[in-house]
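Trainee: After the structure tokens below, expect a handful of questions from me.
The values are calculated or read from the model by the stated rules, or taken from the named source; none is laboratory data. Keep in mind that this is a model prediction, so the values were computed, not measured. Here Cβ is always computed from backbone atoms with ideal geometry, including for glycine, and neighbour counts include all displayed protein chains. Ligands, DNA and RNA are stripped out before the accessible areas are found, and what is left, the full protein with its side chains, is counted by its heavy atoms. Shrake-Rupley method; radii C 1.70, N 1.55, O 1.52, S 1.80 Å.
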Amino acid sequence: MTDEQLDRRVRDADPYRPEVVAHLDGAAQDLLEEIMSTPILESVTEPPGRRRSRPRRRLMGGLASAGVAAAVLGVVFGTSVLKTDQPGSHEASPETNATAEAPGTTTYSAMVLKAAEENPRLLIDQPGWKATSADGFAERTGSITYSNGGRSIRMSWYKASEYDGRYKDRLETSKPESVQVDRWPGHLFRYNDREFEVILEPRDGSMVEVRTATAYTRADFDRVLASVVRVDARTWLAALPAEIVTPERVDDRRAAVLADVPLPPGFDPATLNVEGVNDSDQFGIQVLGPVGCAWITEWTRAKKSGDDAALRRAADALRSSHNWKALQQIDKGGYWADGFWEIADTVAAGKPIHPKMFNPCNPEG
């Protein structure tokens, strides 16, 4: 056990911390004789979303296999957490996370909590910040953007083994400045007077990049960095906004996405194993991409076998994609839907597919 871990456990084990007692009523204070309080999140406001870029990248991100660890990497943006006088004191120990939860709180599976403990758990301890996008999270890899009004910050997670290469690459941008994010050492690089990035050194098998996604002054960026905290698993999970699709929400959200989508023959929606944590667009891509591919495959089969009835059904289904509500919603956030509709219309019309055309059956091609 490191000195930092020992200090943290001593702090978290003290039920009489004044900053905790100040937030409790009389009944809750009585409970302090037996249990410890856990951080409580407050209000979150809804910021505008961001637009996406190329269709091919969107599908690649959407269809990437995201491991169990991704179940909690998805967007932990917060609001306001209970502060203490010591930096880094937001983080609770694994033992604290394993205790029974108070009545009325969300219950997380042991698997989800374990995954949370094994990954970075960072949020912004200022009111108004909220996750607006999340994608990837395959084996300690992913990207989250969170916003507050017109300001945005993007955090990207990578395996610790990528740190040296990314650090050396940034040396071509500017001279590094040593910084700390909640006692986590890192280096700040300046792209220009309004764009900055901090690369945090490897920790627990991961590295993190924190980069401005909109224009900032250096003073503004410093203020945000000073408010980034590493928290316990439950605080982190509780910061996920309702629109983010987490594992326990997959079945309901998948059914909602497919509500007006005709399914190809023999296609079982239950086989769409969408893992990890995804924003609405990325989740929709991971569901609708395989459906579109299956219809293209069915059209090709029917064409080769001379099955005119099946050919018409496949063509009609592909044309109907312009009316799929989930695909229309994705179109508002980026251009993935445009690529989907282009190939759907091309196949339905019996025209050849251009090799450079976006294809949900071959997202990496």
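Trainee: Going through region 124-163 one residue at a time, which ones are touching a Gly at 6+ places or on another chain (Cβ under 8 Å), part of a loop (DSSP other than H, G, I, E, B) and farther than 20 Å from A215 by Cβ?
Mentor: Hits for region 124-163 are D125, F137, A138, E139, R140.
Yes/no per residue for (1) at pLDDT 90 or above; (2) out of contact with any Phe, Trp or Tyr (no Cβ under 8 Å at 6 or more places or on another chain); (3) closer than 24 Å to G149 by Cβ:
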| residue | (1), (2), (3) |
| --- | --- |
| D222 | yes, yes, yes |
| W236 | no, yes, yes |
| I244 | no, yes, yes |
| R249 | no, yes, no |
| A255 | yes, yes, no |
| G266 | yes, yes, no |
| D279 | no, yes, yes |
| V287 | yes, yes, no |
| G292 | yes, no, no |
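Trainee: Residues in region 324-344 that are at pLDDT 90 or above and open to solvent by 60 Å² or more (accessible area, probe 1.4 Å): how many?
Mentor: Qualifying residue count for the region: 5.
Trainee: Could you check how many residues of region 292-317 are touching a Ser or Thr at 6+ places or on another chain (Cβ under 9 Å) and under 17 Å from G339 (Cβ atoms)?
Mentor: Final tally of qualifying residues: 2.
Trainee: Looking at R190, R166, can you tell me which residue is part of a strand (DSSP E or B), open to solvent by 30 Å² or more (accessible area, probe 1.4 Å), among the charged types (D, E, K, R) and without any contact (Cβ under 8 Å) to a residue 60 or more places away in the chain?
Mentor: Exactly one of R190, R166 is part of a strand (DSSP E or B), open to solvent by 30 Å² or more (accessible area, probe 1.4 Å), among the charged types (D, E, K, R) and without any contact (Cβ under 8 Å) to a residue 60 or more places away in the chain, namely R190.
Trainee: Step by step: first the residues of region 199-228, then only those that are of a type in the set (A, V, I, L, M) and in a loop (DSSP other than H, G, I, E, B), then the one that is least open to solvent (accessible area, probe 1.4 Å). Which residue is that?
Mentor: Top of the filtered list is A213.
Trainee: Checking N359 against (1) surrounded by fewer than 16 Cβ atoms within 10 Å (Cβ to Cβ); (2) at pLDDT below 95; (3) closer than 17 Å to E298 by Cβ: exactly one of these is not met. Which one?
Mentor: Single failed check for N359: (1).
Trainee: Being more than 26 Å from Q286 (Cβ to Cβ) and either modelled with pLDDT of 80 or more or surrounded by 15 or more Cβ atoms within 10 Å (Cβ to Cβ) (or both) narrows it down to one of G142, G104, G128, G136, so name that one.
Mentor: G128
Trainee: Taking the options T246, T217, name whichever one is farther than 17 Å from W157 by Cα and touching a Gly at 6+ places or on another chain (Cβ under 8 Å). Write out each step before concluding.
Mentor: Working: T217 fails: touching a Gly at 6+ places or on another chain (Cβ under 8 Å).
Exactly one of T246, T217 is farther than 17 Å from W157 by Cα and touching a Gly at 6+ places or on another chain (Cβ under 8 Å), namely T246.
Trainee: If we keep just the residues of region 250-284 that are in contact with a helix residue (DSSP H, G or I) (Cβ under 9 Å, 6 or more places away or on another chain) and of a type in the set (D, E, K, R), which is nearest to R183 (Cα to Cα)?
Mentor: D279
Trainee: What's the number of the only condition in (1) closer than 30 Å to Q282 by Cα; (2) open to solvent by less than 40 Å² (accessible area, probe 1.4 Å) that G150 fails to meet?
Mentor: Of (1) closer than 30 Å to Q282 by Cα; (2) open to solvent by less than 40 Å² (accessible area, probe 1.4 Å), only one is false for G150: (2).
Trainee: Considering only region 175-187, state which residues are outside any strand (DSSP E or B), surrounded by 13 or more Cβ atoms within 10 Å (Cβ to Cβ) and on the phi < 0 side of the Ramachandran plot.
Mentor: P176
Trainee: So how many residues does region 243-300 have that are open to solvent by 40 Å² or more (accessible area, probe 1.4 Å), farther than 29 Å from T346 by Cβ and among the β-branched types (V, I, T)?
Mentor: Count: 0.
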